[in-house]
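K.L.:
Here's a structure for you.
The values are calculated or read from the model by the stated rules, or taken from the named source; none is laboratory data. Here the structure is a predicted model, which means the values were calculated and not measured. Cβ sites come from the backbone with ideal geometry, for glycine too, and all protein chains shown count toward neighbours. Ligands, DNA and RNA are stripped out before the accessible areas are found, and what is left, the full protein with its side chains, is counted by its heavy atoms. Shrake-Rupley method; radii C 1.70, N 1.55, O 1.52, S 1.80 Å.
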Amino acid sequence: MFRQCKALMSRYRRVNLTPSQLVLGLRTRRSAKAAGGERCSGIYHTSAQQYRLVDATPRPPSLAGLRRTYEGEPLLEADLAADPFAQFTLWFQEATAAGIPEPNAMVLATASAGGRPSARIVLLKGYDERGFVFYTNYESRKGRDLAENARASLLFPWHAIRRQVRVDGTVSRISHEESAEYFNSRPYGSRIGAWASRQSAVVRSREELDARYEKLAARWPEEPPVPDFWGGFRVHPVEMEFWQGQLDRMHDRLRYRRTPPGWVLERLAP
Ligand SMILES: Cc1cc2nc3c(=O)[nH]c(=O)nc-3n(C[C@H](O)[C@H](O)[C@H](O)COP(=O)(O)O)c2cc1C
Ligand SMILES: Cc1ncc(COP(=O)(O)O)c(CN)c1O
């Protein structure tokens, strides 16, 4: 009995079964009783339930083994639209139809003038042939980066459909009128929130932040003005890459590159 229990344990360690897989194993094996029996109690615990509690700690080897096989429709040059915005529209529609939560959430990477990089998620709020627009606080870390180094990279991580889209380009502020139009379309609470948050600055406490919000809400119970420190940026693409996961890490990567006569499509090694 004791040996069986120990064998099960070593097997667990060797193959890195998850706790729930182990519990399942214990229940379906004839040795289940052994594992739950007295003999094991001094060493490993008496029941599958307790075992689950003890062994729920994630182990590094299972992290290294965490991977997914990608397999999908091949992405061929001939299938792509002539212009990357049309291709983006198609993929964005497919991401939305696949039920990806917040398909417009994109990672925005910026760098300071000295080359210190930083990344964070922002929401895409519009795009056309000029570029991709998001809104933020101009005095935030990203705002300061973009003031001194007007380049950015955007990334849409659509894991569920084994796709990503990358956009690299130059950045400019959108007009105050365009920002105002969007700002005024936001829910009241978010508009006050934009006023209340000195984005990326250190705050003393949650209480201080909430007090600031309340004070500003009392000041503008209806229509807060557009803050001059808040607005949109437009990323003007120089390159746009469409990535589709494939078997054996032999993914498809097709990149549009802007050249004086127009967009050039190139395949990149995965
Ligand atoms: C899903 C999601 C969407 C976000 N969208 C925005 C956004 O559109 N604009 C924004 O300023 N911050 C947004 N944030 C917060 C940013 O990720 C970030 O914390 C904040 O802008 C400060 O970044 P910075 O200090 O690098 O400037 C979002 C966060 C998440 C998780
Ligand atoms: C701080 C901040 N600013 C702006 C946005 C943009 O989205 P929305 O305008 O829809 O609030 C977000 C979205 N999470 C946000 O967190």
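K.L.:
Return only the number of the condition from (1) at pLDDT 95 or above; (2) open to solvent by 60 Å² or more (accessible area, probe 1.4 Å) that residue 80 does not satisfy.
P.N.:
Failing condition for residue 80: (2).
K.L.:
Looking at region 174-187, which of the residues that are touching a residue at least 12 places away in the same chain (Cβ under 8 Å) and in contact with a helix residue (DSSP H, G or I) (Cβ under 9 Å, 6 or more places away or on another chain) is farthest from residue 146 (Cα to Cα)? Give the steps one after another, and end with the answer.
P.N.:
The initial filter retains those residues of region 174-187 that are touching a residue at least 12 places away in the same chain (Cβ under 8 Å), namely 174, 176, 178-180, 182-184.
Checking which are in contact with a helix residue (DSSP H, G or I) (Cβ under 9 Å, 6 or more places away or on another chain) leaves us with 174, 183-184.
Values: 174: 13, 183: 20, 184: 24 Å.
Ranking the candidates gives 184 first.
K.L.:
Collect the residues in region 81-104 that are free of Cβ contacts under 8 Å to residues at least 24 places away in the same chain and among the small types (Gly, Ala, Ser), keeping them in residue-number order.
P.N.:
Once the filter is applied, which keeps residues that are free of Cβ contacts under 8 Å to residues at least 24 places away in the same chain and among the small types (Gly, Ala, Ser), region 81-104 yields 81, 86, 97.
K.L.:
Quick check on residue 155: is it open to solvent by 20 Å² or more (accessible area, probe 1.4 Å) and within 22 Å of residue 105 (Cα to Cα)? First the steps, then the outcome.
P.N.:
Working: open to solvent by 20 Å² or more (accessible area, probe 1.4 Å): yes; within 22 Å of residue 105 (Cα to Cα): yes.
The answer is yes for residue 155.
K.L.:
Can you pull out the residues in region 120-130 that are touching a helix residue (DSSP H, G or I) at 6+ places or on another chain (Cβ under 9 Å) and either without any contact (Cβ under 8 Å) to a residue 60 or more places away in the chain or in a strand (DSSP E or B) (or both)? Walk me through how you get there before you give the answer.
P.N.:
Taking region 120-130 and keeping what is touching a helix residue (DSSP H, G or I) at 6+ places or on another chain (Cβ under 9 Å), we get 120, 122, 124-129.
Across region 120-130, the qualifying residues are 120, 122, 124, 126, 127, 128, 129.
K.L.:
When only residues in region 121-150 that are more than 6 Å from ligand 1 (Cβ to nearest atom) and aliphatic (A, V, I, L, M) count, which is farthest from residue 85 (Cα to Cα)?
P.N.:
Result: 147.
K.L.:
Is it the case, given these coordinates, that residue 128 is open to solvent by 30 Å² or more (accessible area, probe 1.4 Å) and either closer than 30 Å to residue 247 by Cα or not acidic (Asp, Glu) (or both)?
P.N.:
Numbers: open to solvent by 30 Å² or more (accessible area, probe 1.4 Å): yes; either closer than 30 Å to residue 247 by Cα or not acidic (Asp, Glu) (or both): no.
Here the answer is no, as residue 128 does not meet what is asked.
K.L.:
How many residues does region 81-101 hold that are among the β-branched types (Val, Ile, Thr) and in a loop (DSSP other than H, G, I, E, B)? Write out each step before concluding.
P.N.:
The initial filter retains those residues of region 81-101 that are among the β-branched types (Val, Ile, Thr), namely 89, 96, 100.
Checking the rest, the ones that are also in a loop (DSSP other than H, G, I, E, B) come to 100.
Going through region 81-101 one residue at a time, the tally reaches 1.
K.L.:
Right, another one. In region 90-106, which residue that is open to solvent by less than 50 Å² (accessible area, probe 1.4 Å) and not hydrophobic (A, V, I, L, M, F, W, C) is farthest from residue 128 (Cα to Cα)?
P.N.:
Per the stated criteria, the residue is 103.
K.L.:
While we're looking at this one, here's another question. Can you tell me how many residues in region 161-210 are open to solvent by 40 Å² or more (accessible area, probe 1.4 Å) and either within 12 Å of ligand 2 (Cβ to nearest atom) or among the aromatic types (Phe, Trp, Tyr) (or both)?
P.N.:
12
K.L.:
If the requirement is being of a type in the set (A, V, I, L, M), touching a Pro at 6+ places or on another chain (Cβ under 7 Å) and modelled with pLDDT of 95 or more, which of these qualifies: 147, 111, 119, 105?
P.N.:
On the way: 147 fails: touching a Pro at 6+ places or on another chain (Cβ under 7 Å); 119 fails: touching a Pro at 6+ places or on another chain (Cβ under 7 Å); 105 fails: touching a Pro at 6+ places or on another chain (Cβ under 7 Å).
Criteria check complete, one pass: 111.
K.L.:
Further, regarding this structure: Looking at (1) part of a strand (DSSP E or B); (2) buried (at least 17 other Cβ atoms within 10 Å of the Cβ); (3) out of contact with any helix residue (DSSP H, G or I) (no Cβ under 6 Å at 6 or more places or on another chain), can you tell me which one residue 110 breaks?
P.N.:
(3)
K.L.:
Go through the residues of region 139-147 one by one and say whether even a single one is open to solvent by less than 50 Å² (accessible area, probe 1.4 Å), in a loop (DSSP other than H, G, I, E, B) and without any contact (Cβ under 8 Å) to a residue 24 or more places away in the chain. Don't jump to the end; show me each part of the working.
P.N.:
As a first pass, look at region 139-147 and keep what is open to solvent by less than 50 Å² (accessible area, probe 1.4 Å): 140, 142-143, 145-146.
Adding the requirement that they be in a loop (DSSP other than H, G, I, E, B) leaves 140.
Adding the requirement that they be without any contact (Cβ under 8 Å) to a residue 24 or more places away in the chain leaves none.
For region 139-147, residues open to solvent by less than 50 Å² (accessible area, probe 1.4 Å), in a loop (DSSP other than H, G, I, E, B) and without any contact (Cβ under 8 Å) to a residue 24 or more places away in the chain: absent.
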